[in-house]
Amino acid sequence: MYDIVKTLHSYWAYIVLLILFIAVINSLVKRAKGKDYLAFDFRISLFTLIVSHLQLLIGLVLYFVSPRFELWSELGGGVMSNSLARLYLVEHPFVNILAIALITIGYSKHKKKLISKAKFNTIAIFYTIALVLFLSRIPWDAWLG
């Protein structure tokens, strides 16, 4: 089960990053051009929210079925002194949950705005920060190797 969930989590991450990147670029370009906020823009924002939350659920399952989870009991407080264990058990989950929270907040806040420029600004700010956070905590060695 672990291998299946790990593979799903890894491949789904590509989808999340792609859709999030599209949402960020879409909001920046349309804001710069002064375009109106359309149903298409709403769907991109919503789809980003959905795929990121699905990634969170897959990631939570992976976290608890992973053999690395046993390092908590083996290392105890030593998890923080082991850089690889800290990345997988603390930094990656915490920062990515924070990024998904920012996507959720940005999505929620943008729906309350009435002006297109404000909607695009909100999406651009929150989704860009989330994208940077995601990219900062991807275990690149394992992901690309």
Highest-MSF residue in the chain out of Ala85, Ala13, Ala23 [GNM, Cα springs under 10 Å]: Ala85
Rank these for me by crowding, Ile138, Ile15, going from fewest to most other beta carbons within 10 Å. Ile15, Ile138
In degrees from 0 to 90, rounded to the nearest 10, what is the angle of the helix 92-112 Cα long axis to the longest principal axis of the chain? 20
Separation between the Phe21 and Phe94 pseudo-spin-labels, each 7 Å from Cα along Cα→Cβ, expressed in nm? 2.8
As I understand it, the value is the acute angle between the Cα axis of helix 39-65 and the longest principal axis of the Cα atoms of the chain; what does it come to in degrees, rounded to 10? 10
Among Ala101, Ala118, Ala32, which one shows the biggest mean-square fluctuation in a GNM of the chain, springs joining Cα atoms closer than 10 Å? Ala32
On full extension of the chain, what length is gained from Val29 through Phe42, given 0.36 nm per residue of separation minus the C-alpha to C-alpha distance? 3.2 nm
Compute the acute angle (0 to 90°) between the alpha-carbon long axis of helix 116-136 and the principal axis of greatest extent of the alpha-carbon atoms of the chain; round to the nearest 10°. 20
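Please report Glu70, Glu91 as a ranked list, fewest other C-beta atoms within 10 angstrom at the top and most at the bottom. Mind showing how you got there, number by number?
On the way: Glu70 9, Glu91 14.
Ordered by Cβ neighbours within 10 Å, fewest first: Glu70, Glu91.
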Most fluctuating residue given options Leu28, Leu38, Leu98, as computed from a GNM of the chain linking Cα atoms under 10 Å: Leu38
State the label only: which of (i) 1.06; (ii) 1.02; (iii) 1.11 corresponds to Rg/Rh (Cα atoms, Kirkwood Rh) computed from the shown model? (i)
Taking 26 Å as the cut-off for C-alpha to C-alpha distance, list the pairs among Lys33/Lys109; Lys6/Lys112; Lys35/Lys113 that go past it. Lys6/Lys112
Over the chain: helical MRE at 222 nm, DSSP H runs n ≥ 4 each giving -39500 (n - 2.57), nearest 500: -26500 deg cm²/dmol
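Each reported figure results from applying straightforward, stated rules to the coordinates on display, with no laboratory input. Not measured: the values here are computed from a predicted model. Heads up, the Cβs are rebuilt from the backbone with ideal geometry, glycines too, and the neighbour counts pull from every protein chain shown.
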